[in-house]
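Just so it is clear, none of the values below were taken in a lab; they were calculated from the coordinates. Quick caveat: nothing in here was measured; it's all calculated off a predicted structure. Counting neighbours? That spans all protein chains shown, and the Cβs are built from the backbone with ideal geometry, glycine included.
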Amino acid sequence: MNAYDYKEFPVKWYIQKQQIVRRGEKETLHLTVFFYYERSTFITELAPPPEKTNFAGPKINPADFPSETTYVVKFDHQSFPVPVGTTRKATFDKAILSLSRDAFRDAVVAVNKTQRNPQTNAAIGEFIQEHLENYIRDEEQRNFQIHTQNYEIRKQNVVRRFPKETLNLSLYYYFDRKALGDAMRPPLQIIPLDRNQYSDTDARRVPLSSAVTLVVPFELEEVSVPQDIEDREMARRQAYTGKIETLARQALKTALSQVNADLPNPKNTQELDSLVTAIGSDYRNYTLNREVTHQAIKRRGSETNAEETLQLTMYFYFDRLQIKDLIQPTERAVTVDLDTDDLLRMDIPASDNETYVAVFRDHEVEVPSDVQDKNAARKRAARDAVEALKLEAFNKAALDINHQLAQPMDPGEFERAIAKTAANFRHYVIDFKWIDDPQVITRGDYSTAPESLRLNLYFQVDRKALRKALVSERAITLVARYRTFVELYWNVPGKFEDFPPEMIKETTSTILENIEDYFSQKDYEIVEFENIRGELMKLLMEHEAEGISEDDLYSQDEHTRLQSNLALRSISNWSSDSEGVSWKAQEGSQSQFEFGKRILADYADLLIGVTINSIEPSSDGRQVTLRLTVNATLFERGEWVKLASADAARSIPYEPGSVNLIIEGGKLLAQQLAAELEPRIKHKLARRKAAEEVLTGTEQVFIVVFKGASKQQFAKIKSRLADSSRWEYKSTDVRKRTARIAFEGSIDNFADRLEMFLSGAGLNVGLPEYVSS
């Protein structure tokens with residue numbers, strides 16, 4: 001009431017009674033007065049009628065918000081006290097904020113219930129909380145006011161009740177159902193990726209026939225892209241690779257299950273699971289035939305923070321027969337040679353040209369039980385084992401060097417040299433390392449068995465130093481790579497025409513091919529008959545040969561054609577006399593015709609003669625006995641020298657009208673004899689090489705190349721070289737225009753002497769090239 005001046009209110013009054021009461025010196029005035037005020041004056045002042053306000057709101061047209069797409073939250077007659085000292089506008093702003101928050105809550109809950117996939121109460125609560133707390137994450141603003149900007153002020157006024165004021169509001173909020181629903185659960189985006197965006201580099205699409213193809217499809221498979229990887233491309237690629245690996249495992253398991261179901265005797269589920277476990281990481285070998293036909297990224301929300309899902313469609317293609325072999329393997333007999341290198345771990349260095357690596361796994365050695373100090377006993381056992389394994393590593397390296405060089409070797413000399421060099425094996429074993437830490441193996445606390453050490457280690461052996469030592473000790477004799485020609489002789493009793501041409505052709509070609517293949521694998525340089533056939537025919541035509549004619553070589557008669565081609569190949573059976581060149585079948589490779597041997601020396605250093613001695617049927621006609629002889633001769637110092645020979649026979653089942661078994665028997669017999677002959681050749685070559693080194697001292701063998709020489713010039717050069725006493729003539733190669741010559745001295749000295757010699761003989765062939773053999 002202090003805020004009002006009573007004088008401002010009109011009043012009527014009269015005194016009904018007045019008197020003075022005296023008490024001694026003190027007087028008191030007593031009045032009875034009646035005041036009369038107009039009631040309307042007080043009502044107007046103390047409880048005035050509502051006062052309209054005009055606070056601005058958003059300019060919207062309610063007609064723009066149809067009920068089908070809009071959710072309306074209504075607030076009627078909402079009252080908000082206007083605190084003393086606070087403006088009405090401040091109260092209005094605060095009221096709008098409060099009503100907006102309440103409207104947002106109401107709308108979120110109501111709209112969520114109408115969604116196809118409504119969110120859980122917990123998710124809705126989290127969504128409301130995030131927006132009411134005014135969150136800003138990354139570039140995305142999460143604020144409820146984004147959704148409460150469309151409201152209509154239906155009524156606004158201030159009511160005063162002395163001395164308080166109250167703001168009355170009626171508001172309608174209009175929410176876009178889709179926008180609010182998308183905010184609660186962002187719409188799904190499927191972003192197609194180019195099929196080459198993330199390429200499956202391991203895939204190998206191989207077309208298969210429809211009869212054997214099994215297709216395992218995976219349609220629209222999904223995998224979450226890691227959120228914690230900032231580089232999104234890297235994260236997607238990681239998800240892509242991981243999902244393909246997962247699908248590959250599933251595809252193989254599905255293929256096994258489907259093929260197994262079609263088998264007459266299918267395996268049970270446990271057996272299939274064991275098979276999958278046994279295959280392990282090798283599943284990749286069976287799942288490379290595949291293709292990705294669709295890849296896309298799925299997400300809901302912002303690109304910067306929404307969770308992403310990689311979507312793939314891919315197909316795996318399997319060969320049913322290959323899968324069947326996994327489940328029910330066909331019986332196979334395979335000979336395998338497991339070399340130490342095949343079992344090396346990736347952290348173990350591999351052998352190379354410099355070092356040989358000897359690996360020892362799970363090597364156990366007993367710890368002496370008579371030593372009281374266990375640590376000392378274990379150390380001694382480990383030291384002794386390492387020394388023994390070091391010697392074994394040395395021996396393995398020596399054998400490997402010999403095998404790698406593939407050179408002639410005398411077994412006795414090799415063993416002697418190994419024993420001598422092994423005394424200093426520590427000079428060649430340059431390092432060793434543990435593969436795993438040594439382990440002490442015990443049999444339990446109550447066992448009386450001695451403990452042992454399990455060692456896993458490898459040694460590195462200096463290959464160059466050891467090779468040098470073995471060569472110097474003559475354990476290995478380094479010789480040249482010999483040009484080798486294989487001849488074939490038909491020495492079967494009876495007429496050539498008595499045998500079917502198909503059998504002669506297939507048997508002879510099979511025997512020749514297997515002999516040539518064997519020696520080629522042993523690093524002999526095989527002189528192919530087809531490469532010199534034209535030159536041989538030309539040579540025969542020049543000398544008007546008898547017994548072999550060009551017409552016969554291409555005769556329509558199969559026997560004539562076969563016999564002529566065999567004769568052309570059997571160069572050492574050629575002879576010459578005053579009447580010209582002729583060919584005559586002698587006792588296989590025993591023939592020594594000078595003309596044929598001389599011609600052969602132009603093409604080869606080593607001659608392998610193969611003689612078919614007999615093809616004899618048994619008395620009951622059920623078997624055929626095939627006998628072969630093989631021998632080797634070496635061209636050295638202008639002459640052919642016999643080295644070694646081998647002979648064997650083989651009985652073969654025979655079916656009338658079929659030659660397949662005879663051909664197969666010829667193949668096996670040829671391989672057997674080649675395996676017997678080749679070590680004997682190496683032994684003889686090693687002996688001859690050692691003897692030659694003793695005789696020639698510091699003599700070296702040089703290869704001289706006469707590039708510009710014609711065939712006639714080279715023939716003259718060859719004749720001159722063979723006649724000189726200044727060096728030792730070894731051999732020539734007409735096609736390559738090369739000559740091998742042994743000479744004591746340096747290559748420069750040899751070149752000077754040779755060029756002076758050729759110039760003095762009137763042979764101007766330019767400057768030859770020199771190579772030390």
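How much FRET efficiency would the formula 1/(1 + (r/R0)^6) give for residue 313 and residue 159, where r is the Cβ-Cβ distance and R0 is 56 Å, rounded to 0.05? According to the calculation, E is roughly 0.25. In this rough spin-label picture, where each label sits 7 Å from Cα along the Cβ direction, the residue 179-residue 275 distance is 6.1 nm. Using alpha carbons only, how many angstrom separate the centre of region 501-515 from the centre of region 228-287? The two parts, judged by their Cα centres, are 49 Å apart.
Each residue of region 371-377 is assigned a 3J(HN,Hα), and the resulting list reads 9, 5, 7, 4, 4, 5, 5 Hz, derived from the Karplus form 6.51 cos²θ - 1.76 cosθ + 1.60 (θ = phi - 60°), x at Gly and Pro.
Counting only lysines at least 8 places from residue 396 when in the same chain, those with an alpha carbon closer than 26 Å to its own are 379, 420, 433, 464, 468, 522, 682, 684, 689. Here the simple spin-label model places points 7 Å from the Cα toward Cβ, and for residue 756 and residue 109 these points are separated by 12.0 nm. Assuming charge only on the beta carbon of Lys and Arg (+1) and of Asp and Glu (-1), the dipole of region 58-184 about its Cα centre is about 720 debye to the nearest 20. Residues 683, 77, 131, arranged from fewest to most other Cβ atoms within 10 angstrom of their Cβ, appear as 77, 683, 131. The simple spin-label model puts a point 7 Å past each Cα toward its Cβ; for residue 26 and residue 116 those points are separated by 9.5 nm. Its alpha carbons considered, region 251-297 gives a radius of gyration followed by a Dmax of 13.4, 44 Å. Taking a point 7 Å out from the Cα of residue 170 in the direction of its Cβ, the residues of region 73-115 whose backbone N falls within less than 18 Å of it are 73-80, 96, 99. May I ask you to derive the FRET efficiency for residue 734 and residue 620 from their Cβ-Cβ distance with R0 = 45 Å, giving the value to the nearest 0.05? So, using R0 = 45 Å, E works out to roughly 0.30.
Suppose R0 equals 51 Å; then what is the FRET efficiency for residue 716 and residue 322 from their Cβ-Cβ distance, rounded to the nearest 0.05?
0.20
Count Lys and Arg as plus one, Asp and Glu as minus one, and take only other residues whose Cβ is under 9 Å from that of residue 186; the net charge is then +2.
Gain on full extension, evaluated as 0.36 nm per residue between residue 364 and residue 132 minus their Cα-Cα distance, stands at 76.3 nm. Classify region 58-184 as rounded, prolate or oblate from the Cα gyration tensor: take a ≥ b ≥ c as the square roots of its eigenvalues, call it rounded if a/c is under 1.5, otherwise prolate when a/b beats b/c and oblate if not. Judged from the Cα gyration tensor, region 58-184 comes out prolate (a/c at least 1.5, a/b above b/c). Say a paramagnetic label sat at a point 7 Å from the Cα of residue 268, along Cα to Cβ; which residues of region 307-329 have their backbone N under 17 Å from it? Once the point is set 7 Å along Cα→Cβ of residue 268, nothing inside region 307-329 turns out to lie under 17 Å by backbone N.
Within region 615-658, which residues have the backbone N less than 17 Å from the label spot 7 Å out from residue 491 along Cα→beta-carbon, could you tell me? Label zone hits: 615-616, 626-634, 641-650.
The slack between residue 18 and residue 40, meaning 0.36 nm per residue of separation minus the straight C-alpha distance, is 4.9 nm. Maximal additional length on extending the residue 680-residue 658 stretch stands at 4.4 nm, based on 0.36 nm per residue less the C-alpha distance.
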